[in-house]
Amino acid sequence: MRAFLWLFIIGVAAAVSLRGAQPPTSSPRILHDPRETHLANVQQLTDGGENAEAYFSFDGKKIIFQSTRPPFKADQMFTMNPDGSDVRLVSSGKGRCTCGFFSPDGKKILYSSTDWWSDEPPPPPDRSKGYVWGLYPYRIYIANADGSNRKAITDGEGYNAEASFSPDGKRVLFTSDRDGDLDLYEMDLRTGKVKRLTNELGYDGGPFYSWDGKYIVWRASRPRTPEEIADYKALLKERAIRPMNLEVWVMRSDGTGKRQVTRLGGANWAPFMHPDNKRIIFSSNHEDPRGREFDLYIINVDGTGLKRITYTPEFDGFPMFSRDGKKLIWASNRNSKRPGETNIFVADWRD
């Protein structure tokens, strides 16, 4: 559900077939729309398949991402160089994986996998209930950067995913259903102590720390009407969620000062802080009446100054700035050879 990836492409014939998204319709092959004035020197790093959730290491020298590609049946974790070379499998090749992230020193990786539960990927959720995401039995693992010496930091059969390191490498932020709802938690890696950060009914997920470690940005749903609440709780019992209404939120890293940033309607998700710690980039479908087109937007942390960044006709999501703010990496259906392909792109960022 950061992921995962799930994850958050909304089910209205949305863009990616990741985390259960619907395959898009075909469109002209466009690498860079001239209206994307904040992006320069756009490069495509992968070529075919389903590739998403690509995140830079803190020094910008490596990228970790998830991909479904032969011979694997579901998403696995890979690393590569910033130019797309030296692609290496760093997960087991079994089960389903999501939400990779590098430790600040680049020596460790963090990701979630279901391979403890079965070598086979878990079955998809029942779509007779509409577009829903499955809450798979993920456990969170930390391993060396090459995938070796892997150790689980969560247990049980619940959902534990969407994890990321704090900038000091001492804590891990993640989403879990361990207390009966989908909330954000923080684990102290030295003591193993877990602190719950959210407790309002609804899905809280896709969390990241700001680069200075003072804030957390995430996406959340807040069912309000009796019908919305009943639907949310019923799906949760069946280990599923309907990701149709999400907004971007921010809070202090200790869990205080929670504040809703966007009020756009539709699905607003995959938020990530700019290194200036004053702006948030995210993906949204709020401008498409059909809800099918997802583009990147940037907004100030106080909710002002909304600006559209991408203009491709299908899906742009999972954005991340490099630590120096000079690069942007994201996943997109742009320039695809076949409908349903999602690839990784990187560009120079122009303020």
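The values are calculated or read from the model by the stated rules, or taken from the named source; none is laboratory data. All of these numbers come straight from a predicted model, not from anything done at the bench. Heads up, the Cβs are rebuilt from the backbone with ideal geometry, glycines too, and the neighbour counts pull from every protein chain shown.
Which condition number does Arg96 fail, the rest of (1) surrounded by fewer than 19 Cβ atoms within 10 Å (Cβ to Cβ); (2) in contact with an Asp or Glu (Cβ under 9 Å, 6 or more places away or on another chain); (3) among the basic types (Lys, Arg); (4) touching a residue at least 24 places away in the same chain (Cβ under 8 Å) being met?
Evaluating Arg96 over (1) surrounded by fewer than 19 Cβ atoms within 10 Å (Cβ to Cβ); (2) in contact with an Asp or Glu (Cβ under 9 Å, 6 or more places away or on another chain); (3) among the basic types (Lys, Arg); (4) touching a residue at least 24 places away in the same chain (Cβ under 8 Å) leaves (1) as the failure.
So which residues in the stretch 230-277 are of a type in the set (D, E, K, R), free of Cβ contacts under 8 Å to residues at least 60 places away in the same chain and surrounded by 19 or more Cβ atoms within 10 Å (Cβ to Cβ)? Quick ask: steps written out before the conclusion?
As a first pass, look at the stretch 230-277 and keep what is of a type in the set (D, E, K, R): 231, 233, 237-239, 242, 247, 252, 254, 258-259, 263, 276.
In the following step, the residues that additionally are free of Cβ contacts under 8 Å to residues at least 60 places away in the same chain were identified as 231, 233, 237, 247, 252, 254, 259, 263, 276.
Once the filter is applied, which keeps residues that are of a type in the set (D, E, K, R), free of Cβ contacts under 8 Å to residues at least 60 places away in the same chain and surrounded by 19 or more Cβ atoms within 10 Å (Cβ to Cβ), the stretch 230-277 yields only Glu247.
Name the residues in the stretch 247-285 that are assigned to a strand (DSSP E or B) and of a type in the set (Gly, Ala, Ser), would you?
Just the residues of the stretch 247-285 that are assigned to a strand (DSSP E or B), to begin with: 247-252, 259-260, 267-273, 279-284.
Those that are assigned to a strand (DSSP E or B) and of a type in the set (Gly, Ala, Ser): Ala267, Ala270, Ser283, Ser284.
Pick from the stretch 329-339 the residues that are out of contact with any Pro (no Cβ under 6 Å at 6 or more places or on another chain) and in contact (Cβ under 8 Å) with a residue 40 or more places away in the chain: which of them is nearest to Pro167 (Cα to Cα)? Working first, answer last.
Filtering the stretch 329-339 down to residues out of contact with any Pro (no Cβ under 6 Å at 6 or more places or on another chain) leaves 329, 331-332, 334-338.
In the following step, the residues that additionally are in contact (Cβ under 8 Å) with a residue 40 or more places away in the chain were identified as 329, 331, 334-338.
Numbers: Ile329: 19, Ala331: 23, Arg334: 31, Asn335: 34, Ser336: 34, Lys337: 37, Arg338: 38 Å.
Per the criteria, the residue is Ile329.
Looking at the stretch 182-200, is at least one residue surrounded by 19 or more Cβ atoms within 10 Å (Cβ to Cβ) and over 30 Å from Gly130 (Cβ atoms)?
Restricting attention to the stretch 182-200, the residues satisfying the condition of being surrounded by 19 or more Cβ atoms within 10 Å (Cβ to Cβ) are 182-187, 197-198.
Then keep just the ones that are over 30 Å from Gly130 (Cβ atoms); that gives 186-187.
There is at least one residue in the stretch 182-200 that is surrounded by 19 or more Cβ atoms within 10 Å (Cβ to Cβ) and over 30 Å from Gly130 (Cβ atoms).
If we scan the stretch 298-317, do we find a residue that is touching a residue at least 24 places away in the same chain (Cβ under 8 Å), crowded, with 16+ Cβ neighbours inside 10 Å and of a type in the set (D, E, K, R)?
Yes: the stretch 298-317 contains one or more residues that are touching a residue at least 24 places away in the same chain (Cβ under 8 Å), crowded, with 16+ Cβ neighbours inside 10 Å and of a type in the set (D, E, K, R).
Can you name every residue in the stretch 205-227 that is more than 20 Å from the chain's Cα centre (by Cα) and either in a strand (DSSP E or B) or buried (at least 17 other Cβ atoms within 10 Å of the Cβ) (or both)?
Answer for the stretch 205-227, where residues must be more than 20 Å from the chain's Cα centre (by Cα) and either in a strand (DSSP E or B) or buried (at least 17 other Cβ atoms within 10 Å of the Cβ) (or both): just Pro223.
Within the stretch 29-129, which strands (runs of 3 or more DSSP E) (wholly inside it) include 1 or more residues that are within 19 Å of Phe272 (Cα to Cα) and modelled with pLDDT of 95 or more?
Working: elements: 39-44, 50-56, 63-68, 76-80, 97-102, 108-113.
Result: 39-44, 50-56, 63-68, 97-102, 108-113.
Here are the criteria: (1) part of a loop (DSSP other than H, G, I, E, B); (2) under 27 Å from Asp119 (Cβ atoms); (3) touching a Lys or Arg at 6+ places or on another chain (Cβ under 7 Å); (4) not β-branched (Val, Ile, Thr). Tell me which single one Asn149 does not satisfy.
Condition not satisfied by Asn149: (3).
Please go through the stretch 130-146 and pick out each residue that is small (Gly, Ala, Ser), under 18 Å from Glu238 (Cα atoms) and either in contact with a Gly (Cβ under 6 Å, 6 or more places away or on another chain) or assigned to a strand (DSSP E or B) (or both). Please lay out each step first, then the result.
At the first step, the residues of the stretch 130-146 found to be small (Gly, Ala, Ser) are 130, 134, 143, 145.
Cutting the leftovers down to under 18 Å from Glu238 (Cα atoms) gives us 130, 134.
Answer for the stretch 130-146, where residues must be small (Gly, Ala, Ser), under 18 Å from Glu238 (Cα atoms) and either in contact with a Gly (Cβ under 6 Å, 6 or more places away or on another chain) or assigned to a strand (DSSP E or B) (or both): just Gly134.
Output the number of the condition that Gly202 fails; it satisfies all remaining conditions of (1) touching a residue at least 60 places away in the same chain (Cβ under 8 Å); (2) in a loop (DSSP other than H, G, I, E, B); (3) not hydroxyl-bearing (Ser, Thr, Tyr).
Against the list (1) touching a residue at least 60 places away in the same chain (Cβ under 8 Å); (2) in a loop (DSSP other than H, G, I, E, B); (3) not hydroxyl-bearing (Ser, Thr, Tyr), Gly202 comes up short only on (1).
Go through (1) of a type in the set (D, E, K, R); (2) surrounded by 19 or more Cβ atoms within 10 Å (Cβ to Cβ); (3) at pLDDT below 95 and name the single condition Arg338 misses.
It fails just one condition, (2).
Could you tell me which residue of the stretch 152-167 is surrounded by the most Cβ atoms within 10 Å (Cβ to Cβ), considering only residues that are under 21 Å from the mean Cα position of the chain (by Cα) and assigned to a loop (DSSP other than H, G, I, E, B)?
Residue satisfying both the conditions and the ranking: Tyr159.
Would you confirm whether any residue within the stretch 298-310 is within 20 Å of the chain's Cα centre (by Cα) and of a type in the set (Ser, Thr, Tyr)?
Yes, the stretch 298-310 contains a residue that is within 20 Å of the chain's Cα centre (by Cα) and of a type in the set (Ser, Thr, Tyr).
Quick test for you: out of Asp324, Asp351, Asp316, pick the one residue that is within 21 Å of Pro207 (Cα to Cα), out of contact with any strand residue (DSSP E or B) (no Cβ under 6 Å at 6 or more places or on another chain) and of a type outside the set (Lys, Arg).
That would be Asp324, the only listed residue that is within 21 Å of Pro207 (Cα to Cα), out of contact with any strand residue (DSSP E or B) (no Cβ under 6 Å at 6 or more places or on another chain) and of a type outside the set (Lys, Arg).
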